[in-house]
Amino acid sequence: MSEQAQAGRMEEGRFEELYAQYANDVLRVSYFYLGDRQQAEDVTQDVFVRLLTNAPDLEPGKEKAWLLKVALNRCRDLWRAAWVKRVVLGSPAMELTPAPDQMEDRLERQELLAAIRRLPADFRDVILLHYYQGYGIAEIAQMLRVPEGTISSRLSRGRKKLEEILKESGTR
């Protein structure tokens, strides 16, 4: 491979390290967003292909944020596609925690996931990043390139909207 071709590609060992460390997180976020395992796997593959071919200059400690941002953008693109809107997203939720749960807890979690999927994309993104991935408001603001106040507002409004959705469905 020529030097020029290698310049645009990430070092194989570094790629494998990032894949081993973050592929499961990217898959889970994608599945959580889309509700479809196969699409989530496609998004995960696409994210890591982009990492390998684009070889972005990732700041140490920010690799996961870049991967999740690319995954969310790709999920949003799929979500907006007309054919996705016709798909029923009611498939059983992938196990999100490794510990075995009681059936009632599992049903509540599935109802919560279904309610989160009904949120507008801006609310869904910040709730996913804050509560599911554990990012703080400042980190999310930097990742999404919006002011911290906007993130706080989206979290607050997203929680209220989520509460309304759950009340409508009789869950809470």
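Only the coordinates and a few stated rules stand behind these numbers; no lab work does. Not measured: the values here are computed from a predicted model. Counting neighbours? That spans all protein chains shown, and the Cβs are built from the backbone with ideal geometry, glycine included.
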**Message:** Taking θ = phi - 60°, what integer Hz values does the Karplus form 6.51 cos²θ - 1.76 cosθ + 1.60 yield along the range 13-30, in sequence order, with x for Gly and Pro?
**Reply:** x, 5, 4, 4, 4, 5, 4, 4, 7, 10, 4, 5, 5, 5, 4, 5, 4, 5
**Complete:** Packing-ranked peptide list from 42-50, 26-34, 147-155, highest mean Cβ count within 10 angstrom first, is 26-34, 42-50, 147-155
